[in-house]
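The block underneath contains the structure these notes are about, expressed in structure tokens.
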Amino acid sequence: MKLATASLLGALALFPANAAWAGKTDITLLLVCDTYSMGAQDGRGGYAKIASVASAERARHPNFLFVHAGDAYSPTLMSGFDQGDNVVDLLNLLKPDLFVPGNHEYDFGAPAFRRHVADSHFPILAANLSEADGAPVKGVGTSKLLSYGEVKLGVVGLTAQDSPQKSTPGDLRFADTVETLKTEAARLREKGADLIVAVAHADRDIDRKIIESRAADVLLSGDDHDLWLEYDGRAVAAEAKQDGEFLVAIDLSVDVATGDKRKVTWRPNFRIIDTAATEPDAALARRVAEFDLLLSKELDVPLGVTRTAFDSRSITVRGGEAAIGDLYADAIRAATGADVALLNGGSFRGGKSYAAGEAITRRDVLKELPFGNKTLVLEMSGRELREALEFGFSNLEKVSGAFPQVSGLTLVVDRDAPPGARLSSIRVDGEALDESKRYKVATNDFLYRGGDGYSMLSKAPLLVDERSAKLIANDVMVFLRAQGEVAPAVSGRITLR
């Protein structure tokens with residue numbers, strides 16, 4: 001008893017005589033992001049399992065905030081049919097406490113985005129998003145000031161500022177993420193926020209800038225598809241991979257001392273929640289099963305058989321020549337009669353491994369190409385084609401969606417050369433590139449609009465325009481059915497040295 005009394009007196013001595021201790025408040029933040037698969041993949045993730053985790057965490061923690069950091073409406077298999085309406089249905093059942101749009105929320109244009117916002121039964125925040133005239137987007141907020149016990153939590157939503165490069169948001173405007181956060185955080189602190197939580201769909205470079213700005217105490221991020229936790233003693237940052245395979249919970253223990261000056265101290269505890277052993281929520285599981293039944297009638301139709309194994313994992317299609325990249329680029333070149341074909345590694349979204357002898361179905365093709373992109377044919381000089389290819393290899397230090405997958409080309413790339421001068425050899429159908437010659441280049445409409453940074457393509461004349469163009473997925477399906485059997489393999493089209 002004496003020891004306990006002495007400890008208490010010692011603790012009280014840390015506070016000024018005119019200070020009062022308001023007590024400790026525990027707050028749990030739960031993060032999910034980048035949900036492209038409705039159901040579980042290899043036993044992990046999917047909406048039903050995410051819902052079970054959220055429900056259990058909410059029941060255990062009275063002070064609880066469940067956030068989705070963006071990329072949900074697209075690309076899913078069904079989004080190619082209904083522009084993501086099915087995802088809004090699932091999110092309404094999931095009931096996040098707030099949702100921040102990622103770049104893929106704009107894949108079907110501004111009208112579809114506005115429709116999804118109107119149909120959503122949960123708060124949507126994006127402080128750096130506005131209409132073309134600067135007005136707020138109806139139904140999209142900027143921030144919230146939430147009270148948990150003695151603590152006021154300011155939450156700022158920040159959509160992907162690079163959406164115009166990565167998606168098709170039309171005339172929607174995107175302000176700088178970090179500058180917007182600074183402004184909004186200052187406003188929230190003036191209103192009494194003790195802590196600032198930034199929920200951002202942002203790449204890692206912007207994540208770093210957010211941390212360095214000290215505008216937020218906690219960053220909950222999406223976009224990079226990795227499991228990331230960081231704490232430097234002043235700011236917390238986290239990302240929860242993708243598809244709900246893992247969710248990240250951050251338990252904040254917050255102490256508040258009041259008196260002449262309010263003092264708030266806090267400590268985080270990270271928990272990574274693996275959904276492999278999670279029982280799915282029954283209501284979400286039933287809804288997903290209904291959607292799957294609708295899909296299977298149309299999609300589970302074999303197109304051809306592969307005699308070789310290959311995969312479409314992100315590291316494969318964005319890090320070097322990929323067998324699936326060769327196959328799909330060959331398909332659009334064959335469909336158009338182009339001299340060469342150029343696709344971006346970011347086009348491929350299936351993340352699947354195909355076994356030798358496996359049938360390739362419509363479902364597989366649409367899962368790989370869920371964006372509904374079209375095949376365009378451009379006329380480009382050799383010099384312009386070189387510029388585009390150099391750009392594709394300009395960011396080899398990062399796993400970039402701009403990495404080119406090609407047909408009709410043989411390329412030698414020097415990693416150590418400066419960006420813009422890395423191609424030591426370019427051959428078109430075996431012949432050295434002629435910079436003055438005009439070439440027919442098959443590509444997708446996303447790249448033609450400057451997607452993934454390929455702004456130079458938009459200057460090229462169109463030989464097959466968007467009104468006349470076919471879906472890339474259809475070109476691939478026709479190619480696979482005509483071939484019957486394929487044997488895709490890395491063939492030396494791109495040599496990185």
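Numbers at a glance
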item	result
Among S213, G109, A282 - extreme Cα towards positive end, dipole of the chain, charges at beta-carbon	S213
Kirkwood Rh in Å, taken over the chain so that all alpha-carbon pairs contribute	24.4 Å
Gained length - D300 relative to L145, 0.36 nm times residue gap less alpha-carbon distance	51.1 nm
Mean-position separation - Cα centroids, segment 362-414 and segment 273-343, in angstrom	18 Å
Dipole magnitude of segment 301-496, debye to nearest 20 (Cβ charges: Lys/Arg +1, Asp/Glu -1, about Cα centre)	480 debye
FRET efficiency, R187 to A309 (Cβ-Cβ, R0 51 Å, nearest 0.05)	0.40
Nearest-ten-degree value, helix 85-94 long axis tilted from longest Cα axis of the chain	20 degrees
Length gained when the stretch D260-D414 is fully extended (0.36 nm per residue, less Cα-Cα span)	49.1 nm
Order of D205, D34 - criterion: other Cβ atoms within 10 Å of each residue's Cβ, fewest first	D205, D34
Nearest-ten-degree value, helix 177-190 long axis tilted from longest Cα axis of the chain	20 degrees
Residues Y148, Y47, sorted so that the one with the fewest Cβ neighbours within 10 Å comes first	Y148, Y47
Beta bridge orientation in segment 18-287: antiparallel %, DSSP, nearest 5	60 percent
Extension gain from E230 to V478, taking 0.36 nm per residue of separation minus the Cα-Cα distance	84.6 nm
Crossing angle, helix 2-12 versus the chain [Cα axis fit, 0-90 degrees, rounded to tens]	70 degrees
For peptides 251-264, 341-354, sequence by mean Cβ density within 10 Å, most packed first	341-354, 251-264
Cα→Cβ-extended label distance, 7 Å offset, between A487 and K352, nm	2.2 nm
Antiparallel content of DSSP bridges confined to the chain, in %, to 5	65 percent
Ratio of the Cα radius of gyration of segment 18-287 to 2.2 N^0.38 Å, where N counts its residues	0.97
Descending principal axes extents, segment 112-213, alpha-carbon based, whole Å	42, 32, 22
Cα shape, segment 263-418, gyration tensor, a/c 1.5 rule	oblate
Likely footprinting exposure, I332, I50, fewest C-beta neighbours within 10 Å first	I332, I50
Surrounding net charge for R307, when Lys and Arg each add one and Asp and Glu each subtract one, Cβ distance under 13 Å	-2
E290-D42 FRET efficiency (beta carbon distance; Förster radius 22 Å; 0.05 resolution)	0.50
Beta bridge orientation in segment 301-496: antiparallel %, DSSP, nearest 5	80 percent
Theoretical FRET efficiency, 1/(1+(r/R0)^6), r = Cβ-Cβ of S213 and N269, R0 22 Å, to 0.05	0.35
Paramagnetic label zone (point 7 Å from Cα along Cα-to-C-beta, K398; backbone N under 16 Å) in segment 414-431	419-420
Environment charge of F393, counting only residues whose C-beta is closer than 10 Å and scoring Lys/Arg +1, Asp/Glu -1	0
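All of the numbers you see were taken from the coordinates with simple rules; none came from a lab. Everything numeric in this text was worked out from a predicted model, so none of it was measured. Using ideal geometry, Cβ is built from the backbone for each residue, glycine included, and neighbour counts are taken over all protein chains shown.
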